[in-house]
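Contents: one structure, followed by commentary.
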Amino acid sequence: MTEGWPELDPVIHAQARLRVMVTLSGLADGDRLTFPRLQELLEMTAGNLSTHLRKLEDAGYTHVEKTHRRRTPVTYVSLTQRGRRAFEDYTARLEALLANRPDGGTGTTDH
Amino acid sequence: MSDDDPTAPRGSDPAAAAPAGPDSGGGPLSPAASLALIESERGRLLRRRGVNPAPIFASWGIAWLIGFGLCYLAAPGGPSAPLPMWAAAAVLVALCLAAMVVPVVQGVRAGRGVRGPSRTTGAMYGACWALAFLALATVNLTLARGGLDADLTTLLWTGSSLTVAGVLYLAGGMLWQDRAQYLLGVWLLASAVAGVLAGVPGNFLVLSLAGGGGLLALALYYALRRPAGGARP
């Protein structure tokens, strides 16, 4: 999937999941977002979103919590500590890749 | 097996669990495209969940410029009155209440669908405003009834309300690490002091022109500084 960029986390390096990660990383620590609100912010279909969320959950990046509030089922989604760190690593690597770009990414560091 | 989410809104077809294949975003992303996507998503989020300081400052600025301006014109020692003092004060209070609604609306919009610590903080902070102004009104009304003269009563109300509002904005700035809100608090405190030092009809002029003018300048600053909001759809 990440043919040219093996150093990029394949779980995050896909448009839909990257968008999910950006949105969830915007939450304050300990906050959760309801599934419908996340869906609305991303403008994704419910099915598409849950498919991608499952992949992120399998990697331990997101936490999906299903509870009931006044007998109505509610689903909350949040980023795990691990997910937050993975997203930070991902963006750091992107920036490093782009910084080495000008000469096609030779490994040399100039002093 | 509770396999698909029960909260999924109407029209979610049972094919929900279909393989991600084609909708994972069409083609591999290059690092540059990926970084651009992150930026544009952050911009989108800022517009939909973020707090925009410009309208907050602008509504306060307008309230003060017009409200305190009318009070100055109507004050006993001031120029000829186009309207009675009570009417000017009523306009001021109405405009200030309207200005307080703006951040509340933005906060509610930002907090929609969010659960957790920040929601509790927001609710407690909102209650702060109500408690503080309830206490303030009780104290001031009691003091005024105790025989304070009209000029001192005026200074008491403007000075104390602006101080309380200023301190609450300082607290809001600290809670959300929001420099704009903190700055607004500082400006309200400075205006409260300057107004009381200026004495009675002059205090209204200070609050209207310096206070309101400063707030409008801040609004303009934030309107110009705010990023265009990322890529368009």
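Any read-out appearing in this document is the output of simple, stated calculations on the displayed coordinates, not a laboratory observation. What you see is a predicted model, and the numbers here were worked out from it, not measured in a lab. For neighbour counting, all protein chains shown are included, and Cβ atoms are generated from backbone atoms with ideal geometry for every residue, glycine included.
Points worth noting:
- Taking every alpha-carbon pair within the protein assembly as shown, the share separated by more than 33 Å comes to 46 percent.
- Calculated from backbone phi, Karplus (6.51, -1.76, 1.60) coupling profile of the stretch B:152-165 in Hz, x at Gly/Pro: 5, 4, 4, 5, 4, 5, 5, x, 6, 4, 5, 5, 4, 4
- If R0 equals 35 Å, the separation of the Cβ atoms of A:A92 and A:T67 corresponds to a calculated FRET efficiency of about 0.50.
- Spin-label model, B:T121 to A:A28: label points 7 Å out along the Cα-to-beta-carbon direction sit 0.3 nm apart.
- Cβ charges +1 (Lys, Arg) and -1 (Asp, Glu), total dipole of the protein assembly as shown, debye: 760 debye
- CD proxy at 222 nm, helix term only [per DSSP H run n ≥ 4: -39500 (n - 2.57); per residue of chain A; nearest 500]: -14500 deg cm²/dmol
- Efficiency of FRET from Cβ geometry, A:E40 and A:E7, R₀ 45 Å, rounded to 0.05: 0.85
- The mean of 1/r over all distinct Cα pairs in the stretch A:15-96, once inverted, gives the Kirkwood hydrodynamic radius of 13.1 Å.
- Karplus-derived 3J(HN,Hα) values for the stretch A:10-22, using 6.51 cos²θ - 1.76 cosθ + 1.60 with θ = phi - 60°, are x, 5, 8, 7, 8, 3, 5, 6, 4, 5, 4, 5, 4 Hz; glycine and proline are entered as x.
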